[in-house]
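The next block holds one structure in the form of structure tokens; read it before the comments.
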Amino acid sequence: MAEIRLPKVEQGQTKIRNVPIAVTPEGFWCCPSPVVFQKTIKTQNPLNKSKPSTQSTLVPKKQTSVTERKPGTSSSKSTLVTDEQRSHSSDAPVLNSGSLMNEKTPKIKAESVPRKVTIEFGEPGSSDLKVILFGKQGISVKLSVHRSVLVENSKLFASKIMEQELIFPCLEIDDCEDVEIYVDTIGLMYCKELKQRLIKQSVSRVLRILKVAEKLGFTTCIHSCLEYLEAVPWVGEEEEEKVVSSILHLEGENIGVKPVLKRVSSETSSKPHKDTLSHILELVLKSHEEKGRREMKPIVLKLLRENNTLPSSSASSDLCNKTIYSSCKSSLDSLLSQFRQASESDFADKPLDTREPVIKLIALEADNLLWLLDILADRQSADKFAVIWASQNELASLHMKLPVVSRHHVSTITARLFVGIGRGELLPCKDTRHLLLKTWLQPLINDYSWLQHGCRSFDRKVVEEGIGRTILTLPLEDQQSILLSWLGNFLKAGDNCPNLQRAFEVWWRRTFVRPYVEQGICNINSALLD
């Protein structure tokens, strides 16, 4: 790299900054520093007609590049001149090429605009073609290049040069969106190992190079950019989306973007997706490592939630729900099997190493069902789970036969269902709500003391509010039957029983203070008498 410096110029002259430049073995100025293009350089005062224009010529220091410089290659020159000087010094005919080279607008008088910077790269002595790039920020770049290199590497340049060969020694590209990358990309035409040149670039810069390479028809560069994008890690979702959106339109042009897209898409059918989801759920459900389970359960829940928000996810959502319910059935069957073993009359007399695995598996399967219920409630698909749980008469009857220390994990499932109904997360029918309370409320009351002291995540107030709201969704006669039964338990157990006083008060007002139906009948009769 050569560092080019120029003393500070006086007011009225063009400001020139340091421009680091790399030189290729062929003597072409390649990969200029982004600072040249990212800052629009203006004079401090408008041009004065009476003041002559000032030309500043920069000559780089002699340099030797260990990896790129060929022996005997002479140093090239980089010249910075103003737009005013360029307009007076360009006597050669100009070809305005292609869609990238729109018709030139009438030139504005130099004295009416701030002075900009024109940067010249290349080896004027050996080149046989000029390419002038006009950027949107007023910076123009003149490149001294070789016809043979451009024709060999760019379909666009080849087309324009072959049309007017030996007649127009200059091509102009107007309104370049990214002058810096145009210079970089044309410079890459002189490089034999493009992939090596791209290695130290960022993903965003390679995407910019790819865009320009497409416009120029620089096929070799396009393939090198795709090879780079296929191999380099993408950082974050935003960068991933930029890569995919930048190359997706190339899929039908036989350029070979599939290796890159395979990172984010699969050609497999929906069945393997179902198998994969089932396998993931099974891995989590069957794991006995507490830390791993604790960390993976919220991650899987979050990812399923994100997938459920996609516009085209209705079919995959149904498939996912079927897979989850299949896992529910498997865990429920296992739980019932363990309850049957634990409720046997001689179970307590068996050795500890025989009893302990059964007790641990009861806790594991109860935790699995609670997690699956959380997933279904989050997906608004838990109504069927309420129906299944309410109909577990055998499990509920076996519940009282087990010690509370072994069985209380099951009551967390019942508590979660009541909380979900109370919050409106699931809307089972009246018969299901009534059956759920009839089957599982008493086992929950029996385990309530253990739930308060043995479950860290148990929130007494939330659960009691959920139970009360669930009861109040039933017909008034059912509310009365359930709440009077609760009252008998509460007067015996106190804090070891759910406190449903708020629900009791609502029922009382509905029954004795504001009997809406009777009041409505009275109003109708009164209206008829009038």
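The values are calculated or read from the model by the stated rules, or taken from the named source; none is laboratory data. All values reported here derive from a predicted model rather than from experimental measurement. Here the Cβ positions follow ideal geometry from the backbone for every residue, glycine too, while neighbour counts run over all protein chains shown. What goes into the accessible areas is simple: the full protein's heavy atoms, side chains included, and nothing from ligands, DNA or RNA. Shrake-Rupley method; radii C 1.70, N 1.55, O 1.52, S 1.80 Å.
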Subtract the Cα-Cα distance of LYS258 and VAL232 from 0.36 nm times their separation in residues, and report this length gain in nm to one decimal.
7.8 nm
Taking protein heavy atoms only, a 1.4 Å probe, and rounding to whole percent, the accessible area of the range 401-442 owed to carbon and sulfur comes out at 55
Measuring from label point to label point, each 7 Å out along Cα→Cβ, what is the ARG340 to SER204 span in nm?
6.3
For MET162 and GLN196, calculate 0.36 nm times their separation in residues minus their Cα-Cα distance, and state this gained length in nm to one decimal.
9.2 nm
Accessible area per residue, Å², the range 130-205 with all protein chains present, probe 1.4 Å:
44
Collect residues whose amide H, placed 1.01 Å from N in the peptide plane, falls under 5 Å from the amide H of ASP175; neighbours closer than 5 in sequence don't count.
PHE134
Per residue, how much accessible area does the range 383-428 have with a 1.4 Å probe, in Å²?
39
Of ARG460, ARG469, ordered by accessible area with the largest first and a 1.4 Å probe, the sequence is ARG469, ARG460
Using only protein heavy atoms and a 1.4 Å probe, report how much of TYR448 is accessible, in Å² to the nearest 10.
0
Kindly write out, for the range 203-208 in residue order, the coupling ³J(HN,Hα) from the Karplus curve 6.51 cos²θ - 1.76 cosθ + 1.60 (θ = phi - 60°), rounded to whole Hz, with x marking Gly and Pro.
4, 4, 6, 5, 5, 5
